[in-house]
Structure formats: C-alpha cells, structure tokens
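K.L.:
Below are the structure tokens for one structure; questions will follow.
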Amino acid sequence: MKNIKLNKKFPSFDRQPLVFYLITSFTFLLILFRLIFLQLLNHETYKKMSDENRIRLIATQPIRGRILDRNGLILADSRFKYSLIIKPQYVNERSWQKYKSKISKLFNISSDSLQNKYSYGLKNKKFSIILLDDLKVDQVIKFKENENFLNGLEISTKMIRNYPYKTVASHVIGYTQPITDSEFNILSKKGYKLNDLIGRTGIEFVFEDHIRGEWGGEMIEVNSSGTFTKSLGTKPSKQGKDLELTIDLNLQLIAEEVLKDKNGGAIIVMDPRDGAIRAMASKPTFDLNFFSKDFKPEKEYNNLFNSSSKPLFNRALNAYDPGSVWKIVTAIAGLESGRFPPETFLETKPCITYGSQCFREHNDLGFGTIGYEDALRVSSNTFFYQIGYGVGVDEIYNVSKKLGFAALSGIEISEQENVGLVASSQWAKKGRGWGEPGRTPWVPEDIASMSIGQFVVQVTPIQIARAYAAIANGGYLVTPHLSKTDYQLVTNQKRIKIDIDPNNIQIVKNGLRKVVESGTGVSINYGVSNLPPVSGKTGTAEDGEGGSDHAWFVCFTPSDKSELLIVAFAQNTPGGGSVHALPMAREILKVWNENK
C-alpha cells in the first residue's frame with residue numbers, strides 16, 4: 001500500500017527524455033534564429049561595428065581657400081596657431097603653483113591671469129585648459145627649452161582662419177565659427193566634423209562650399225588592445241578653392257581711412273559699367289581675427305555683440321534718409337510723366353506750404369526761376385517740391401522701382417541687406433507698416449518730404465550706387481557684385497536696360513555735371529590735379545529716427561564713359577554733404593587717379 005501511495009505522489013520517470021528533448025530543441029531553435037539574425041539579417045550592421053572597433057581614422061583637416069583682392073593680394077587665409085595648454089588631470093595643486101610661477105616669469109605674464117584661466121577650466125571640468133593663446137615662434141622655442149620641467153603642459157597646434165588686414169573689409173569678407181552640436185546633426189552628412197569651421201557672414205558664408213575644402217585622413221587597423229598594426233590607406237585632404245574678389249585693396253584701405261574720424265558711415269566704390277565693387281567700407285568696423293580666438297575675453301565680446309554702436313552692422317547695406325541725393329528720382333519722375341517736360345522752368349521761393357506746414361528752401365531765399373539742371377546744381381528744395389507734388393507719390397514710386405529702390409540689390413552678401421522704404425499711396429492705405437488699414441491716409445506733407453528724400457523714403461548706399469550708375473552708364477541697371485569670376489552664377493543677373501527715356505537721363509546727367517562745375521559739389525576738385533571730369537550730387541538728410549543730420553555725396557568719373565562711382569555716407573554727422581561726405585570721396589578719387 002505504501003508503494004502505491006508513492007507512485008501516486010511522484011510522476012513516472014518515463015516522460016523525462018521527452019521533456020529534455022523538447023527543451024533542447026527549443027534552445028537550439030533560439031540559437032539558430034539568433035545566428036540567422038546576426039549573420040544574415042544584421043550582417044552589415046555588426047560588420048560595421050566590428051570595423052569601428054578594429055579600424056581608426058586619423059582625420060586631416062583641410063586648408064580653407066584664400067580670399068584675394070582683384071590683384072591677388074591676400075585678404076583671408078589660414079595659418080597654424082600654437083597654444084600652451086595644461087591637462088589638469090595630470091597636475092596636482094602643488095605642481096600647479098610651481099608651474100604657474102615658472103610660466104609667469106618665462107613668458108612675462110601675470111600669474112593672476114594664469115590662475116583665472118586655470119580656475120575657469122577646472123570649474124567647467126575641462127580636460128585641456130588653454131593658458132596662453134596664439135604663441136609666437138620664439139615663445140614656442142622657450143617652452144621647448146623648458147619642457148622637461150613642465151610635465152602635464154604641452155603645445156597645441158591648430159589651423160585657424162587668418163585675416164592679415166584685421167578690420168579691413170570685415171563686413172564684406174565675413175567670419176567663420178565652429179559648427180554647433182545641433183548643426184552637426186545635419187552638416188555631418190556633408191562631411192563636416194564636430195567643431196569644424198563654417199562661414200557665418202559675408203563672403204565666408206556665401207561661398208562656403210567653394211572655400212571649405214574636404215577632410216582627408218589615414219585609415220589604420222588596431223588590435224584588441226588598441227595597438228597599431230597596419231595602415232589601410234591614406235586619402236589626402238582637399239584644399240578649398242581660392243576666391244578672387246573685385247575689391248581693390250588700395251581703394252579699400254583709403255575707404256577705411258577716410259571713415260576713421262566719423263562716428264559711423266559707409267563708403268561704396270563701384271564700376272558703374274558692370275557693378276563690380278572696388279571697395280565697401282562700414283564704420284564702426286571690427287577685427288575679424290577675434291573669431292579665430294579660442295578664448296574670447298568678455299570685454300571684447302561685449303564691445304562686439306552688445307555695443308550700442310553695432311559694429312557688426314553693415315551700414316553700406318542698411319537704409320537711411322537720403323536727402324538731396326534722392327532728387328534725381330523726383331527729376332526723372334517729372335520728366336517721364338510729361339507734366340514737367342525738359343524745358344520746364346519753375347519759380348523757387350523761401351518756402352511753400354503743403355497741408356499745415358511751410359516747407360523751406362535750404363537758403364531761406366530761393367534761387368529765382370530755374371530749370372532741371374540748375375535745380376540740381378544748387379539743390380533747390382522748392383523746385384523739387386513742386387515737381388513731386390505735381391506728379392504725385394505713385395509716379396515717384398514707379399520711377400524709383402525702375403532705378404532699383406525698394407528691392408534687394410543682388411549683391412552676394414544679401415543676408416546683411418535691407419530693402420529700405422519708398423512710400424506709395426497703397427503703402428499709406430495699408431497702414432504705413434504700423435497703423436490700421438484705412439486710418440493712415442496719404443497727406444500733402446508726405447509728398448513734400450518724399451520729393452527731397454525725407455521721412456517716407458529710406459534707402460541704402462548700395463541702392464544709391466545702383467541708381468547713379470544707371471545715370472552714369474546711360475540707362476542700365478547693374479547688379480553689384482564682389483566675386484570677380486562667379487558673380488553671375490550667384491546672382492543670375494546681368495545689366496538691365498531700364499524703361500526710362502535716354503534723353504531724360506541725359507538731362508539729369510548734365511545737372512550732375514553742373515553740381516561739380518559750379519554748384520554744391522565744386523570743392524571736389526580742390527587739391528586734385530589732372531582729375532578727369534567728375535559729376536556728382538551732395539545731400540544733407542534729417543535723420544528720421546531723431547538723430548543728427550546725415551551727410552551724403554555721390555559722384556562718378558569721367559563724366560562721360562564713367563569708370564568709377566563713389567557713394568560717401570557719414571551717419572549722424574551734421575554740417576552738410578559738401579562738408580563731410582565730399583572730402584571722403586575726394587581722397588578716394590586721388591588714390592584712384594594716381595594708380596591709373
């Protein structure tokens with residue numbers, strides 16, 4: 001009986017082989033499926049992972065292409081930078097105090113400065129701290145002579161962007177910066193490495209693909225302990241292509257020089273025949289080499305990015321009230337409308353009332369009865385008030401569009417450019433950009449202001465350059481450009497014949513010649529010998545934002561078959577265009593004429 005009970009309590013051992021067989025079969029199938037998954041389905045993935053563990057790439061940084069002026073002079077290139085670094089994980093506090101004292105004496109630098117950089121690095125958990133940046137060759141030699149006494153310190157070598165002329169043409173050339181982590185996720189597909197340089201502004205930005213080059217490197221194989229076993233091949237890095245600009249360094253340097261005593265302003269020197277920019281300067285400017293520094297002092301950073309003077313702002317492409325240099329637009333509008341034909345003579349007065357305001361002549365007397373050419377010569381306000389009021393806002397607006405205003409100029413660095421403002425009746429009906437539609441109508445005072453380039457007109461120096469180039473070259477709107485060879489690929493534009501009667505253009509051109517012969521611009525010839533005939537226009541503009549007056553002067557030479565056009569602009573510099581802007585243009589003309 002006891003045996004029977006035992007048999008009921010415990011199962012028979014006869015089924016054990018079957019259970020074992022099922023478990024073994026199931027385990028085998030799992031292993032088989034896993035092998036299929038690894039060897040067949042995910043073969044490439046795991047092969048790649050294996051290769052990444054076995055193969056290393058020693059990357060070789062490409063050399064960024066140079067930026068050259070039209071004569072081949074270097075405006076931007078690349079150079080090696082040497083920095084003294086310390087790896088704090090290999091240096092204890094006692095050793096650091098000893099090293100700090102030795103470095104201070106060796107390089108004649110404050111120990112407090114060294115301590116600040118070291119403490120900053122520790123605070124931010126840096127494994128490599130830059131103590132001295134951009135060492136000269138003799139400083140590198142000094143370190144090498146004392147290297148055995150400075151364990152944990154070493155010289156770091158890095159290729160950086162270099163700008164030999166520092167602040168010259170800074171807004172044109174632009175600068176580079178390392179790419180960010182978020183950018184890397186996208187740019188890595190284009191061959192960029194983490195902390196690789198990329199153009200941020202100007203030519204460096206626009207022609208990034210042309211200038212940057214391609215990374216190279218050597219592929220090596222290592223064993224399981226990470227020891228080198230053999231080289232698998234080398235791919236040389238590909239240097240970026242050089243880019244030749246239309247900029248003439250001699251003219252650029254003098255353009256920068258004449259702006260030095262101004263609070264702010266811009267100079268544009270252009271060939272009116274094809275729009276090639278010979279010089280473009282903006283004041284305030286900035287040192288492009290700041291962006292090549294690994295350690296950027298807070299004071300320098302604030303002066304650049306947080307300054308009220310906005311040194312990064314390109315005044316040559318920003319909009320301002322043009323004042324009297326705008327009068328060529330009103331003149332052409334009067335001629336093209338047919339209401340004020342070429343033989344028109346108008347009586348000028350001390351002031352003329354529009355709406356509730358009497359708009360004055362700039363000499364408070366008037367200039368008698370005069371025509372278009374003399375009105376430009378003496379820059380009569382009341383002559384152009386009458387023309388503007390007679391043709392209306394939209395006629396002036398339409399002519400301004402033909403001359404390239406209220407639109408981007410087509411220059412490559414358009415990311416810095418402002419389209420400006422030219423008022424129209426539709427603009428007023430829509431709220432003037434700030435009010436409610438239908439509640440800000442066009443009023444008589446507006447047309448008087450518009451006629452002489454005030455308040456409801458804001459244009460950029462580059463737009464002024466295009467408009468005056470069309471007068472100088474006989475009626476062609478050109479595309480300003482900075483690249484000597486590739487600009488048409490970027491702009492896809494050429495000279496455009498404008499729909500304005502050539503006879504009307506010639507009348508304005510005759511007036512601009514008289515400005516320099518016996519009018520407000522006569523002093524352009526002072527102190528300059530053998531200068532070809534010059535045509536031009538002075539301008540003094542009230543600042544619509546409430547600041548001091550702006551000073552303008554535009555000229556082109558020779559008056560017939562012009563080769564050079566200059567726009568000189570002094571921001572918030574009261575005293576008149578003939579006093580402040582014209583002398584800047586004269587200095588540039590001197591240099592150009594001497595070089596010719």
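The values are calculated or read from the model by the stated rules, or taken from the named source; none is laboratory data. Here the structure is a predicted model, which is why all the values come from computation and not from measurement. With ideal geometry, Cβ positions are generated from the backbone for all residues, glycine too; neighbour counts draw on all protein chains shown.
K.L.:
Pull out all pairs, ordered by first then second residue, where Cβ-Cβ is under 6 Å, the residues are six or more apart or on different chains, the first lies in the range 266-291 and is closer than 23 Å to Lys497 by Cα, and the second is surrounded by 24 or more Cβ atoms within 10 Å (Cβ to Cβ) and among the charged types (D, E, K, R).
P.N.:
Matching pairs, first to second residue: Val269/Arg278.
K.L.:
If you scan the range 393-413, which residues turn out to be surrounded by fewer than 21 Cβ atoms within 10 Å (Cβ to Cβ) and in contact with a helix residue (DSSP H, G or I) (Cβ under 8 Å, 6 or more places away or on another chain)?
P.N.:
Asp394, Glu395, Asn398, Ala406, Ala407, Leu408
K.L.:
In the range 542-579, how many residues are free of Cβ contacts under 8 Å to residues at least 40 places away in the same chain, part of a loop (DSSP other than H, G, I, E, B) and out of contact with any strand residue (DSSP E or B) (no Cβ under 6 Å at 6 or more places or on another chain)?
P.N.:
9
K.L.:
Go through Asp294, Asp321, Asp364 for me and flag whichever is of a type in the set (D, E, K, R), in contact with a strand residue (DSSP E or B) (Cβ under 6 Å, 6 or more places away or on another chain) and surrounded by fewer than 16 Cβ atoms within 10 Å (Cβ to Cβ).
P.N.:
Result: Asp294 is the single residue among Asp294, Asp321, Asp364 that is of a type in the set (D, E, K, R), in contact with a strand residue (DSSP E or B) (Cβ under 6 Å, 6 or more places away or on another chain) and surrounded by fewer than 16 Cβ atoms within 10 Å (Cβ to Cβ).
K.L.:
Another question about this same structure. Testing Thr485 on (1) touching a residue at least 24 places away in the same chain (Cβ under 8 Å); (2) under 27 Å from Gln506 (Cβ atoms), one condition comes back false. Which one is that?
P.N.:
Against the list (1) touching a residue at least 24 places away in the same chain (Cβ under 8 Å); (2) under 27 Å from Gln506 (Cβ atoms), Thr485 comes up short only on (2).
K.L.:
Just to verify a result, which residue in the range 120-136, among those that are assigned to a helix (DSSP H, G or I) and touching a residue at least 24 places away in the same chain (Cβ under 8 Å), is nearest to the chain's Cα centre (by Cα)?
P.N.:
My answer is Gly121.
K.L.:
Test Gln458 against the criterion of being at pLDDT 95 or above, in the same structural domain as Ala375 (by TED's automatic domain parsing) and in a loop (DSSP other than H, G, I, E, B), and give yes or no.
P.N.:
Criteria not met by Gln458.
K.L.:
A follow-up question, please. If you take the residues of the range 583-596 that are in contact with a helix residue (DSSP H, G or I) (Cβ under 6 Å, 6 or more places away or on another chain) and among the aliphatic types (A, V, I, L, M), which of them is surrounded by the fewest Cβ atoms within 10 Å (Cβ to Cβ)?
P.N.:
Val591
K.L.:
I've got another one for you. Please state which of the following conditions Lys327 fails to meet, knowing it meets all the rest: (1) touching a helix residue (DSSP H, G or I) at 6+ places or on another chain (Cβ under 9 Å); (2) surrounded by fewer than 18 Cβ atoms within 10 Å (Cβ to Cβ); (3) among the basic types (Lys, Arg).
P.N.:
Only one criterion is unmet by Lys327, namely (2).
K.L.:
Assess whether Leu131 counts as being in contact with a Phe, Trp or Tyr (Cβ under 9 Å, 6 or more places away or on another chain), modelled with pLDDT under 90 and surrounded by 18 or more Cβ atoms within 10 Å (Cβ to Cβ).
P.N.:
no
K.L.:
Next question, about the same structure. Within the range 318-374, count every residue that is within 28 Å of Gln571 (Cα to Cα), of a type in the set (A, V, I, L, M, F, W, C) and touching a residue at least 24 places away in the same chain (Cβ under 8 Å).
P.N.:
Matching residues across the range 318-374 total 10.
K.L.:
Please verify whether the range 87-94 includes one or more residues that are at negative phi, outside any helix (DSSP H, G or I) and under 35 Å from the mean Cα position of the chain (by Cα).
P.N.:
no
K.L.:
Scan the strands (runs of 3 or more DSSP E) fully inside the range 223-322 and keep the ones with 1 or more residues being of a type outside the set (Ser, Thr, Tyr) and under 27 Å from Arg212 (Cα atoms).
P.N.:
228-235, 277-283
K.L.:
Checking Val515 against (1) within 34 Å of the chain's Cα centre (by Cα); (2) surrounded by 16 or more Cβ atoms within 10 Å (Cβ to Cβ), only one condition comes out false. Which one?
P.N.:
Only one criterion is unmet by Val515, namely (1).
K.L.:
On the basis of being farther than 19 Å from Pro461 by Cβ and either under 30 Å from the mean Cα position of the chain (by Cα) or crowded, with 21+ Cβ neighbours inside 10 Å (or both), does Asn525 make the cut?
P.N.:
no
K.L.:
Could you count how many residues in the range 271-305 are within 18 Å of the chain's Cα centre (by Cα) and either over 30 Å from Met159 (Cβ atoms) or among the charged types (D, E, K, R) (or both)?
P.N.:
Residues meeting the conditions: 4.
Matching residues to (1) surrounded by 19 or more Cβ atoms within 10 Å (Cβ to Cβ); (2) of a type outside the set (A, V, I, L, M, F, W, C):
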site: Leu531; (1), (2): no, no
site: Gly539; (1), (2): yes, yes
site: Asp549; (1), (2): yes, yes
site: Cys555; (1), (2): yes, no
site: Pro558; (1), (2): no, yes
site: Ile566; (1), (2): yes, no
site: Ala570; (1), (2): yes, no
